[in-house]
Amino acid sequence: MSKKIRKLALLGPVLLAIIYLTLPLISVFTSRNPALLISKLTDSLAFKALLLSLQTTLISITLIVIFITPLAYQMSKSTFYGKRIIEVFLKMPIVAPTAVVGVGLLLVFGQHGMLGGFFAIFGIEIPFTAAAVVMAQVFMASPFYLNSARQSFDCVEDQLIDVSRTLGISPWNTFWRVTFPLALPGLLTGVALSWALALGEFGATMMFAGNMPGTTQTLPLAIFTAMESDAGLAVAISALLLTVSFILLLLVSLIDKYMVSYRITPN
Amino acid sequence: MLRFKLKKKLRHFTTEVSEELKNETLVLIGHSGCGKSTMLKMLSGLLAPDDGYININGKTLYNAKESINLPPEEREIGYVFQNYALFPHLTVRRNVEYGLSTLSRQQRNKRVDDTLAFLEIEQLADSKPHMLSGGEQQRVALARALVTKPDVLLLDEPLSALDVSTRSRVRLELKQLLKQLDIPTIIVTHDFEDARILGDKVAVMDRGEIIQAGSQADITNFPASPFVAQFTGTNLMNVTANESGSEHVAFDPWKVKVYQTQSEAQYEWKGTIGDISYSGAFVRLQIIEANQEIPIHADIPIELFQKKEMEIGEVVYAWIKNEDARPLNLSPNIIKKFRKKESYERKGRKLQETKKPKKAGIYIIPLLILLIAIGSFAYNSNSNETGQKVELFALVAANATEPFKDLMKEFETNHPNVDVKATFAGTQIVRTQLEQGANADIFLSADLGHIEAVKKQDLINEFQPVSLNSVTMVVPKNNPRKISSLEDLGSKDLKLVIGTDTVPIGRYSRQVIKNASDEYGQKFPDKVMDNVVSLETNVKQVLQKVSLGEAEVGMVYPTDVTPDFAKKVKKIKIPDKFNIVATNYISVTKKAPNKKLAKEFVEMMLSDKGQKIFKKYGYKSVNE
């Protein structure tokens, strides 16, 4: 009897949590007629925003993979002085309000920023360009990829790397033959997660890149802008954004399911 | 022939070992953490020693003096890890051929086939490691290490991952295999049984040093310290100096006689029985004697034991014949070290015992925090209610933020019982809030369209203009592009920021630009719009971009240039002939909870006093 009560007591919070976490996002799809949603999306504003979002996030995620993967590997496999401090700093973008990040980027890369003046010499201006959008996305999404990649490198036992070297394989080849294939599911999870985050990036982009359809207006900015005039359009774009993100997250769970099977040990 | 001498400082002690090994097996035995695995890591090159050398068949792998230190991949040393460390993503065949990447496909296949056959695991070739039993995994790990034909083989606890029932079988198989291999092999273990069966040579290690090395028989018969005796299961007792001058004797458990009465033997100890265990035809007694480091082990034939009816806690006498005792001289240092370590370990055990995990309360804590947090809210709202104040709530378009705050204060001083609250946001947002049923008394819109739409939905009563506004240009204080008139907005490559056309300020700005085309030409609006680098959703965003110097010019309401912004930006007036009149509209809502007060508030806003406040912030009065 008490077992049953305990089960029920647990069921309550579980159900409430699930409902609370899913309902607001589901309502985006159900509040309006789907046909209306689709007709709204043919709006050139939504289309431009989607295209720009896909272009910029694709570049962002590529940059993240190229620059953050080696960093994640170092953070996982090497020990060095001040590692903990660096770790904390690298996690800051997760907790920093996005507007703060936008201001920070302006202070560095803006026309009067620390590096902005240097860039200006070569005629490079970053604010109000798609490059600024990419930079804001990279900044906000990197920590999530870093975390995910680092954890997946952590999961590759050092012994496997050691044994590979005693078998005559150099560290570089060991990385590609052992570490990388074993970390790959985790890396892909990180890619999908940070991609979804880059797609949703709003505050820093707004601050650093501005809001210009076709150049810097990504999907979330389009939603915010549409909210000022046409709530229906805002909901439609939200639905679009959620769909893209949902597909990405679905991929994550499929990766987990199909690529990690060998990790399951007998018993 | 493997020769090495290695020294490395570890956290608690320095390990220093030198050995010479022909094609034979050396078993390094010791407790975990004694530095034996470190030894293997240094030999294989995975860990750098502080000093010493490693030499295999005349080839130097490491020499501190000559700064030679080959990386692991160039040492040709086979290393089998404790948990075998098979690559989980590769089949057995791929695991085994892993180290042969330089050979041709044919050679590789032949080598792998031979090795799989040698270890009798051909049938496992296509399995993945997680499908194998512990014994099979060990064979695969061995195959992988041997296929590269290493000069030396290192095995780290090769049997500890196996369950007891398979361990003894695999141990014997391993012995056969090592005999066939005939290369220098070092096995690290904590089980003396491994040493007994596998070792041509045995070395007992403690805290980084080899305490005793020799044949298995030497070590068993003449343990160099109580520590070694513990491993081999030999009795080593402290005795008062005898005729041969030695202070210790070693003897085998099965030579010990145990009686309940005292005898006349030279080597006799009195103690209590600490433990009784049966093993085959013998019963093993552990007899604890107060002055000895370790208990005496005595193996007594089972029938004799039953006849004597001994039990735990009973005081007995254990003795041995003189010819069974092997007198020994131990260095006093070793004994001292041993005592220190034992007491240290006992302390450690005690500490561990006191650390018990607490389970209860895990669920209570978040509940408590939640209660406290909610409670504090309740306290706050209570303190508000104690004044019995009436609350008036307004939804206000963002541009009116500053004057409205002053108006609120003004109203509150005249009505001490009233608490005015307001939300400031873009007109569209406050409109949505009203439409979604916000319990507001007053609605202030910056846009005629929005307030008309709300009226159509019958959410408000009549509305009326409450303040008049205009549009102005703003430039950074230093005005880098030397902008002085509206016409300059059409000049080349300017960075202009305006509101998006969905917000009132955006529409007003566009209207102003359009009005100017009468004088500056039909192409003027296009030229200006080409210069727009960002469309902001509210005036503050435009001002921010200009004040940060990112935008070179922006179009805003003059009323939004607060003293803070005025420090960083400069207003440039737009001539009246082009300018527009931006009107704020005010209304009392239909569902206003305090209609009377709300009406009073609106009247106050429209009075000269209220209009004066608007004027203070740069608005024009509706009364003039």
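Between residue B:314 and residue B:57, the C-beta separation translates, for a Förster distance of 60 Å, into a calculated FRET efficiency of about 0.50. Look at the alpha carbon pairs under 8 Å that are at least 6 residues apart: their mean separation over the length of the range B:401-515 gives a relative contact order of 17 percent. Between residue B:105 and residue B:168, how high is the FRET efficiency from 1/(1 + (r/R0)^6) when r is the Cβ-Cβ distance and R₀ = 45 Å? Nearest 0.05. My answer for the efficiency is 0.70. For the range B:64-89 versus the range B:17-44, the inter-centroid distance based on Cα atoms is 14 Å.
Summarising the label geometry, the points placed 7 Å from Cα in the beta-carbon direction at residue B:485 and residue A:94 lie 5.8 nm from one another. The distance between label points at residue A:180 and residue A:254 comes to 2.3 nm (points 7 Å beyond Cα on the Cα→Cβ vector). In terms of the Cα gyration tensor, with a ≥ b ≥ c the square roots of its eigenvalues, is chain B rounded because a/c is under 1.5, prolate because a/b exceeds b/c, or oblate? Prolate, because a/c is 1.5 or more and a/b exceeds b/c. Measuring from a point 7 Å past the Cα of residue B:571 along Cα-to-C-beta, which residues in the range B:394-410 have an amide N at less than 17 Å? It comes to B:399-404, nothing else.
Placing unit charges on the Cβ atoms of the charged side chains and taking the dipole of the protein assembly as shown about its Cα centre, the candidate lying farthest along the positive direction among B:621, B:417, A:248 is B:621. Loop-located trypsin sites (Lys or Arg not before Pro) across the range B:1-89 with a Cβ neighbour count of 14 or fewer within 10 Å are B:11, B:22, B:65, with loop assigned by DSSP. Against chain B, whose longest principal axis comes from its Cα atoms, helix B:105-118 is set at around 50 degrees.
Compared with the dominant Cα axis of chain B, that is its longest principal axis, helix B:504-520 is turned about 50°. Over the residues of chain B, the helix contribution to mean residue ellipticity at 222 nm works out to -10500 deg cm²/dmol, using -39500 (n - 2.57) for each DSSP H run of at least 4. Loop exposure criterion: chymotrypsin sites (Phe, Trp or Tyr not before Pro), DSSP state outside H, G, I, E and B, at most 15 other Cβ atoms within 10 Å. Applied to chain B, the longest stretch between such sites is B:14-362.
Quick check: from the Cα gyration tensor, does the range B:2-206 come out rounded (a/c under 1.5), prolate or oblate? It comes out oblate by the Cα gyration axes.
Once the Cβ-Cβ distance of residue B:126 and residue A:38 is raised to the sixth power relative to R0 = 60 Å, the FRET efficiency obtained is 0.75.
The region of chain A that goes longest without hitting one of the chymotrypsin sites (Phe, Trp or Tyr not before Pro) in a DSSP loop, each with at most 11 other Cβ atoms within 10 Å, is A:123-267. Residue-wise HN-Hα couplings along the range A:49-60, as the Karplus relation 6.51 cos²θ - 1.76 cosθ + 1.60 with θ = phi - 60° gives them from phi, are 5, 4, 4, 5, 4, 5, 4, 5, 5, 4, 5, 4 Hz; Gly and Pro carry x. Here the label points at residue A:27 and residue B:439, each 7 Å from Cα along the C-beta direction, are separated by 1.8 nm in the simple model. Going from the residue with the fewest nearby Cβ atoms within 10 Å to the one with the most, B:248, B:190 rank B:190, B:248. Dipole orientation for the range B:471-580: of the candidates B:558, B:500, B:529, B:558 has the Cα lying most toward the positive pole (charges on Cβ; Lys, Arg +1; Asp, Glu -1). For the range B:82-176, applying the loop criterion from DSSP together with a ceiling of 14 other beta carbons within 10 Å to the GluC sites (Glu not before Pro) yields B:120.
The angle between the Cα long axis of helix B:134-146 and the main principal axis of chain B comes to about 90°, on a 0 to 90 degree scale. Counting only lysines at least 8 places from residue A:257 when in the same chain, those with an alpha carbon closer than 19 Å to its own are B:128.
Decide, for the protein assembly as shown, between rounded, prolate and oblate: order the square roots of the alpha carbon gyration tensor eigenvalues as a ≥ b ≥ c, take rounded if a/c falls under 1.5, and otherwise choose prolate if a/b is larger than b/c, else oblate. It is prolate, given that a/c is not under 1.5 and a/b is the larger ratio.
Normalising the average separation of contacting C-alpha pairs (under 8 angstrom, six or more residues apart) by the number of residues puts the relative contact order of the range B:471-580 at 47 percent.
Shown here for the range B:206-281: GluC sites (Glu not before Pro) in loop regions (DSSP other than H, G, I, E, B) with at most 10 other Cβ atoms within 10 Å, namely B:243, B:264. With a threshold of 21 Å on the Cα-Cα distance, the over-threshold entries among A:48/B:492; B:421/B:620; B:149/B:201; B:545/B:567 are A:48/B:492; B:421/B:620; B:149/B:201.
Here the contact order of the range B:2-206, divided by its residue count and restricted to Cα pairs under 8 Å and six or more residues apart, works out to 32 percent.
Dipole magnitude for the range B:471-580: about 300 debye, using +1 per Lys or Arg Cβ and -1 per Asp or Glu Cβ, origin at the Cα centre. Note on the range A:51-114 and the range B:395-443: Cα centroid distance 40 Å, given to the nearest whole angstrom. Counting only other chain Cβ atoms within 10 Å of each residue's Cβ, the peptide A:154-161 averages 3.
Since every read-out is calculated from the coordinates, none of them should be taken as a lab result. Only a predicted model underlies this, so the values are computations on that prediction, with no experimental measurement involved. Neighbour counts are summed over all protein chains in view; Cβ atoms, including those assigned to glycine, are modelled from backbone coordinates with ideal geometry.
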